[in-house]
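Below is one structure, written out as structure tokens; comments come after it.
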Amino acid sequence: MKLEVLEKDNYYHIYNKGINGTDIYFTEENKYYFLQQLDKYLFEKISIYAYCLMDNHFHLVIRIDENEKIVTQAFSNFFNSYVKAFNKQNDRTGSLFEKHFKRIKLDSEEYLRNLIVYVHLNPKHHYDLDFEKFKFSSYKSIISNKETKIKREEVIELFADLDNFILCHKQRNDLLTVKHTFE
């Protein structure tokens, strides 16, 4: 399988899961450390528009701000640093993630908006959890006034304004709620 090249100034959906579906975070501290390492290795190389960390997988919606080789190496360093620390903490060895992180180049603003909502609704979709209260997603960072490294203003602008950003999430959440009710 040929991997999508990470081209500067383009948007991507980056995601991966634990090998054989295993959890990649056992504790909240693991998730905080993952975000800390993401910041350490990639902060000045990518812009983050959305993220969600589930127990056995993660999603990132990003724009590439540096050249492909620099960003690809930074992702490699980021994942390696996380896996080494996770393995040491949990007295394990070997791979934690599926072989290569997945990346899908986004080809439209509509796709970008839909993906941001999809990523934020992952807790509802997978575990029927309240996405608005979920701790490890960028949703609360975007709707708050607290300092964040998420591209809050750009995300809100994609949805015209904050009210519409919230409305789009609630409408899609309502559809998921109906779907869960009839399953």
Selection count, region 18-29, where residues are exposed (fewer than 15 other Cβ atoms within 10 Å of the Cβ) and in contact with a strand residue (DSSP E or B) (Cβ under 6 Å, 6 or more places away or on another chain): 0
Here is a list of conditions, (1) out of contact with any Ser or Thr (no Cβ under 9 Å at 6 or more places or on another chain); (2) of a type in the set (Val, Ile, Thr); (3) open to solvent by less than 50 Å² (accessible area, probe 1.4 Å), and Thr93 meets all of them except one; can you say which number that is? (3)
Checking Lys133 against (1) within 30 Å of Gly21 (Cβ to Cβ); (2) in a helix (DSSP H, G or I); (3) without any contact (Cβ under 8 Å) to a residue 60 or more places away in the chain, which test does it fail? (2)
Selection count where residues are open to solvent by 60 Å² or more (accessible area, probe 1.4 Å) and outside any helix (DSSP H, G or I), scope region 56-79: 2
Select, from Tyr15, Tyr32, the only residue that is part of a helix (DSSP H, G or I), open to solvent by 10 Å² or more (accessible area, probe 1.4 Å) and of a type in the set (Ser, Thr, Tyr). Tyr32
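The values are calculated or read from the model by the stated rules, or taken from the named source; none is laboratory data. The model shown is predicted, which means the values in this text are computed figures rather than measured ones. Please note: Cβ atoms are built from the backbone with ideal geometry, for glycine as well, and neighbour counts cover all protein chains shown. Accessible surface is based on the protein model in full, side chains and every heavy atom, while ligands, DNA and RNA are left aside. Shrake-Rupley method; radii C 1.70, N 1.55, O 1.52, S 1.80 Å.
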